[in-house]
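The values are calculated or read from the model by the stated rules, or taken from the named source; none is laboratory data. Note that this is a predicted model, so its numbers are computed, not measured. Note that we place each Cβ from the backbone using ideal geometry, even for glycine, and neighbour counts take in every protein chain shown.
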Amino acid sequence: MQSFLTRHRDEIKGLLSGFDRIRFRGTLRWLATSHGLESFLVKNRILFKNFVPWAQALTDRVKEATTQLATSLGRPIQYLQNSRISKEDAAGTIAEADGISEGLVCVLTAVEPCRTFFVRRNRERRQIEIRSQSGKCLHQYFYVKHRELGTVSVRLQTWLPFTVHVCLNGREWLARQLARQGLGFEQRDNCFVDVADGDRAQELLEGQLQTDWCGLLDGLLREVHPVHRSLFGEETLDYYWSAEQTEWATDVLFRSRESLARLYPRLVRHAITTFGSDDVLRFLGRRAQAWRFHGSEIRSTLKTRAEGVRVKHELNGNSVKMYDKQQTVLRVETTINDPRDMRVYRPKEGDAQGSKAWRPLRKGVADLFRRAELSQKCNERYLAALGSVDVPTSLQESLKPLCAPTTWRGRRVRGLQPFQSDDSALLASIARGEFALHGFRNRDLCSLLFGTEQVSEREARRRSSKVTRLLRLLRAHGIARKIPNTHRYQLTENGRSAVTALLVAQQASVERLTQLAV
């Protein structure tokens, strides 16, 4: 991505790359499948016909423990009847109203879909069995203001297999770290628009990868689900933690709103019209040849939201997207939901001392470092592709210096008037194709501007003198230059760009210009 940063280095003041949002999943692996649950029931001598009352007793214990926890801390338990209510907003409102800066904020409950177990009769085997099916049950959302992590949510399924989801935000985590170290920063929503020490902030983001994830998540679970350790009697069932979804964001901090506002529409247009399937495969670390006949769908979408315009490229549930945040931050973000198509160099699971090879990337937190590495590479490839976007100046920016008076060799020279007939004819004349290689002379412009009819010698000298003044005007504004040791002149690069833009604008219809503006 260095090409992008180099191209816009005068407009960029910082760069931050790290985890944005992470959703962890805690699974009791023994109870995660119907066969596993059946073996657990057999081992503990629980009849299948008694499964429902046994499971209901476990659910009652979980609910009772939550009620006791909330009551002891003086925090509310609120049931949400409408799924459209934002739980984050509801928890934020409660925290602000009660002035909660640390500890449990509230417990929100809702009946939501889940994967759970039912007792069903198998007619072929003529016996009852445990089946895993989709259903609904009560879920409890614990919102915690963590001293180090910021706002954390823990979602607990109150029916077997008691799956847990933990959501935390790397940017909020970073804000707590910066505050503890006394480093200044400005944060808006989930985004840093300014950081006093960008290098130190990046070190802290990279340091998050060294976290003991299992210890951290187990500690969070003990705070909100203390009954888990004794829920199954003498059996000790530990949660297996996996990263169900990770968002790795690279934020490019611009110095001003105007800089990003000028650049971003061109980036959006380039991304949605230029990046094809092969490009998306390359961004996400795939070989295009291997995916020709894979049958996977690659989608690129453009959506306008309240906070801005978002471009998203998606493959197999994984995606890379770009959007502008808080008007001064360009964010490129890689989201991984399904890492099975990715590879990590590791030994076989369960054989830590065995030989290593490139194997499928697991969801388990053991491979989280590799997932972050792959996400960062994806962001870098995407920004590198955006580095090729040309950012031409607008017509107004090109014309502003040309239309203003200037000085040349100590004499004042007027500004151009490109939309008046005389100067417009001059610009059209010097832009003719026959002058592109060998240039134009005074006599060439005289015939184009005044015609080829015969005139008196005095009138010819008057016309030649006027063209000389026009040539001085063009040279003073940097539109034309004299070819050494000749009487010919050529357009400069800036002059050719400005003249071409003017002529195109003069000939374009109002409808076409309106479409381009939109």
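Structure above, values below:
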quantity: Residue in region 16-40 that is farthest from Val164 (Cα to Cα), counting only those that are among the aliphatic types (A, V, I, L, M) and crowded, with 17+ Cβ neighbours inside 10 Å; calculated: Leu16
quantity: Filtered residues of region 392-428 (kept if modelled with pLDDT under 85 and in contact with a Leu (Cβ under 6 Å, 6 or more places away or on another chain)); calculated: Leu402, Pro418
quantity: Subset of region 162-183 (residues that are crowded, with 19+ Cβ neighbours inside 10 Å and assigned to a strand (DSSP E or B)); calculated: Val164, Val166, Leu168, Asn169
quantity: Answer residue from region 47-69, given it is farther than 20 Å from Cys137 by Cβ and free of Cβ contacts under 8 Å to residues at least 24 places away in the same chain and is surrounded by the fewest Cβ atoms within 10 Å (Cβ to Cβ) among those; calculated: Leu47
quantity: Every residue from region 70-94 that is among the basic types (Lys, Arg) and either surrounded by 15 or more Cβ atoms within 10 Å (Cβ to Cβ) or within 30 Å of His35 (Cα to Cα) (or both); calculated: Arg75, Lys87
quantity: Out of Thr492, Thr486, Thr468, Thr500, sole residue that is touching a strand residue (DSSP E or B) at 6+ places or on another chain (Cβ under 8 Å) and polar (S, T, N, Q); calculated: Thr492
quantity: Pairs with Cβ under 9 Å, 6+ apart, first in region 488-502 and more than 13 Å from Phe440 (Cβ to Cβ) and assigned by TED's automatic domain parsing to the domain that holds His477, second hydroxyl-bearing (Ser, Thr, Tyr) and part of a loop (DSSP other than H, G, I, E, B); calculated: Ser497/Thr393
quantity: One residue from Ala95, Ala55 being within 30 Å of Lys363 (Cα to Cα), of a type in the set (Gly, Ala, Ser), touching a strand residue (DSSP E or B) at 6+ places or on another chain (Cβ under 8 Å) and not assigned by TED's automatic domain parsing to the domain that holds Asp338; calculated: Ala55
quantity: Test: Glu453 is of a type in the set (Asp, Glu) and modelled with pLDDT of 85 or more; calculated: yes
quantity: Only one of Arg282, Arg340 that is surrounded by 13 or more Cβ atoms within 10 Å (Cβ to Cβ), of a type in the set (D, E, K, R) and assigned by TED's automatic domain parsing to the domain that holds Pro360; calculated: Arg282
quantity: Meets criteria (closer than 17 Å to Leu237 by Cβ, modelled with pLDDT under 95 and among the small types (Gly, Ala, Ser)) for Ser39; calculated: yes
quantity: Elements of type helices (runs of 4 or more DSSP H) contained in region 1-82, each with 2 or more residues being out of contact with any Ser or Thr (no Cβ under 8 Å at 6 or more places or on another chain) and farther than 30 Å from Ala385 by Cβ; calculated: 34-43, 51-73
quantity: From Asp351, Asp367, Asp338, residue being over 30 Å from Leu260 (Cβ atoms) and modelled with pLDDT under 85; calculated: Asp351
quantity: All positions within region 97-130 that are exposed (fewer than 12 other Cβ atoms within 10 Å of the Cβ) and either farther than 28 Å from Arg222 by Cα or of a type in the set (A, V, I, L, M) (or both); calculated: Ala97, Arg121, Asn122, Arg123, Glu124, Arg125, Arg126, Gln127
quantity: Selection status of Leu138, surrounded by 17 or more Cβ atoms within 10 Å (Cβ to Cβ) and assigned by TED's automatic domain parsing to the domain that holds Ser83; calculated: yes
quantity: Filter result (over 30 Å from Ile12 (Cβ atoms), touching a residue at least 60 places away in the same chain (Cβ under 8 Å) and of a type in the set (Gly, Ala, Ser)) within region 230-266; calculated: Gly233, Ser242, Ala243
quantity: Leading residue by the ranking (farthest from Leu160 (Cα to Cα)) among those in region 229-251 that are over 25 Å from the mean Cα position of the chain (by Cα) and charged (D, E, K, R); calculated: Glu234
quantity: Residue among Thr236, Thr246 that alone is surrounded by fewer than 15 Cβ atoms within 10 Å (Cβ to Cβ) and either of a type in the set (S, T, N, Q) or in a loop (DSSP other than H, G, I, E, B) (or both); calculated: Thr236
quantity: Qualifying residue in region 431-443 (condition: within 46 Å of the chain's Cα centre (by Cα), modelled with pLDDT under 85 and under 30 Å from Arg269 (Cα atoms)); calculated: yes
quantity: Any pair with Cβ under 9 angstrom, 6 or more apart, that starts in region 75-86 at a residue that is without any contact (Cβ under 8 Å) to a residue 60 or more places away in the chain and ends at one that is charged (D, E, K, R); calculated: Arg75/Asp98; Pro76/Asp98; Leu80/Lys87; Ser83/Glu112
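Listed here are the residues, each with its yes/no results for (1) modelled with pLDDT under 90; (2) touching a Lys or Arg at 6+ places or on another chain (Cβ under 6 Å); (3) closer than 30 Å to Val252 by Cβ.
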{"site": "Leu104", "(1), (2), (3)": "no, yes, no"}
{"site": "Ala110", "(1), (2), (3)": "no, no, no"}
{"site": "Pro113", "(1), (2), (3)": "no, yes, no"}
{"site": "Gln140", "(1), (2), (3)": "no, no, no"}
{"site": "Arg155", "(1), (2), (3)": "no, no, no"}
{"site": "Trp159", "(1), (2), (3)": "no, no, no"}
{"site": "His165", "(1), (2), (3)": "no, yes, no"}
{"site": "Asn169", "(1), (2), (3)": "no, yes, yes"}
{"site": "Gln177", "(1), (2), (3)": "no, no, yes"}
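This table checks each residue for (1) in a helix (DSSP H, G or I); (2) at pLDDT below 90; (3) surrounded by 16 or more Cβ atoms within 10 Å (Cβ to Cβ).
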{"site": "Asp194", "(1), (2), (3)": "no, no, yes"}
{"site": "Glu203", "(1), (2), (3)": "yes, no, no"}
{"site": "Gln208", "(1), (2), (3)": "yes, no, yes"}
{"site": "Leu220", "(1), (2), (3)": "yes, no, yes"}
